[in-house]
Amino acid sequence: MASSNAVSKQLAPIRACTVSRDVQNFDLLIEDMEVELGESWGDLTFAGAMKYFDQPDARSLEFIAIALDDDDADNMALVEAVIQRASSLGIRVLLIAEELGPIVLHRLLRMGASDFVPYPLPEGALHDAIQRLRQPMIDPSMLQNQRQSVGSSTNYGTVYAVHPLAGGVGATTFAVNLAWEIASAGKSAPSVCLLDFDLQTGSVSTYLDLARTEKVYELLSNTAVMDRDFFMNTLQTFNDKLKVLTAAADMLPLDLITPDDIERIVNMARANFDVVVIDMPGTVVQWTETVLNEADCYYAMMELDMRSAQNALRLIRALKAEDLPLSKLHYVLNRSPKFTDLSGKARAKRMAESLDIEFELMLPDGTAQVTHANDHGLPLAEIAPKNPLLKDIRKLAQQIAADVKTEARAAA
């Protein structure tokens, strides 16, 4: 390993440097840097990095790896200065972080850091991160060519977003089971990707009994360097049919991702799957508009109560104020009145008329079987195949699958 006093004296050109309070606290990083770069790297303190950036030799750096842990709280101002200075020189910045909260990492990434890897380093993580740093930025307009290069259909996949208009209206249940039923629609079923964009309370992983991994946070905070392999490796597979991007392990700030981040993720998913189902947060955020514009169909889930009606009215007003496409909204009434409940049917009709909307879907109450299936991490089809809610979701899924096949034949 090259010491900080000998950075400029090495015969081999210095291609990278670690920057830390004390690199000896990160022995795994030292080992991996030696494997990846041999003698072509050095180590610097935070103050030493600021001085080194003023030397001509710094212009040859490919990247710096800033190693941090929870004892670096007092150094954050200097760390931010290092990141900003490196970014101004065109030097890529890799964060190696141990026990730092997502809010701190979010701020450092927004200040110019290019990528993030947790410490202790998972096997191969530093190698993969370095490879991503060396790749050019991904242009979303080129994702279609990527899909063609791997032998997939030349058409973008269709996007179905599900947005709850109140808590507990069954939006995630609807999204999960819709995605699963589409993926299970026969031998030639479309390929399906389910994205959980509820950064704080997303429960898709719970409903499908999938682990929440650090890879999700790495993806969300580094979409600018995301390629197809990075994206596909972050997804998890449920029962060999459904690909899922779960919520992250930690509760993340809603502004962690920008509209550009969302556009890259959705376009990457569309480029590699026939159907993309997005489970949205109930909160309207900056990138809600992005998903609405990208979606072919945007389901607004509600119940037959005053809170749903009021929130629907607020959403409609907000979309009209921003001149957004109201035509993409498809209203879904969950736990709708039974066939014999004439009073309930009249109430639903009055609600639709007062909001000047139409209910495209009126889903029956799935009863306690829904909670039972969700608690066991399985789709309704695996727990209660004759559930009335499942039957209606399956009809919609089969129609979507048929539409995908028709479009595929037309494109061929």
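Compute the signed sum of charges (Lys and Arg +1, Asp and Glu -1) over the other residues within less than 9 Å, Cβ to Cβ, of residue 126. It would help to have the intermediate numbers written out before the result.
Working: positive: none; negative: 32, 36, 128.
Summing Lys and Arg as +1 and Asp and Glu as -1 gives -3.
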Q. Where the eigenvalues come from the Cα gyration tensor of the chain, what are the semi-axes √(5λ) of the equivalent ellipsoid, largest first, in whole Å?
A. 47, 22, 19
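Could you work out the local net charge near residue 171, counting Lys and Arg as +1, Asp and Glu as -1, over the other residues with Cβ closer than 13 Å to its Cβ? List each step's numbers first, then the result.
Values: positive: 335; negative: 196, 198, 279, 303.
So the surrounding residues net to -3.
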Q. Just 118, 190, 385 to compare: in a GNM of the chain, with alpha carbon springs under 10 Å, which one fluctuates most?
A. 385
Q) Among 38, 202, 157, which one shows the biggest mean-square fluctuation in a GNM of the chain, springs joining Cα atoms closer than 10 Å? A) 38
Q) What pairs from 215/243; 215/241; 243/328; 187/243 go past 19 Å between their alpha carbons? A) 215/241; 243/328
Q.
Check which residues have an amide H placed less than 5 Å from residue 44's amide H, if you skip close sequence neighbours.
A. 18, 19, 20
Q: Compute the long axis of helix 171-183 from its Cα atoms, compare it with the longest principal axis of the Cα atoms of the chain, and write down the angle in degrees, 0 to 90, nearest 10.
A: 90 degrees
(Q) I'd like the GluC sites (Glu not before Pro) in region 261-324 restricted to DSSP loop residues with at most 14 other Cβ atoms within 10 Å, sorted by number. (A) 322
Q) With each pseudo-label sitting 7 Å past Cα toward Cβ, what's the residue 320-residue 339 distance in nm, one decimal? A) 3.7 nm
Q: Go ahead and set up a Gaussian network model of the chain, Cα springs under 10 Å, then flag whichever of 359, 339, 197 fluctuates most.
A: 339
Q. Where does region 219-368 land on Rg(C-alpha)/(2.2 N^0.38 Å)?
A. 1.22
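Pairs of alpha-carbon atoms within less than 8 angstrom and 6+ residues apart define the contacts here; what relative contact order does region 4-133 have, in percent? Don't skip to the end; give the middle numbers.
Values: 188 pairs, mean separation 31.1, N = 130.
Relative contact order for region 4-133 comes out at 24 percent.
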(Q) Tell me the mean residue ellipticity at 222 nm calculated for the chain from its helices only (DSSP H runs of n ≥ 4, each -39500 (n - 2.57), averaged over every residue, nearest 500). (A) -12500 deg cm²/dmol
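Please list the equivalent ellipsoid semi-axes of region 196-299, computed as the square roots of five times the alpha-carbon gyration tensor eigenvalues, in descending order and whole angstrom. Write down the numbers at each step before the final one.
Values: eigenvalues 65, 51, 44 Å².
So the three semi-axes of region 196-299 are 18, 16, 15 Å.
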Q) Between the helical axis of 306-321 and the dominant principal axis of the chain, each derived from Cα atoms, what acute angle in degrees is found, rounded to the nearest 10? A) 60 degrees
Q.
Based only on other Cβ atoms within 10 Å, what is the fewest-to-most ordering of 106, 127?
A. 127, 106
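No lab work stands behind these numbers, since they all come straight from the coordinates. This is a predicted model, so every value here is computed, not measured. Every residue, glycine among them, receives a Cβ derived from its backbone with ideal geometry; neighbour counts consider all protein chains shown.
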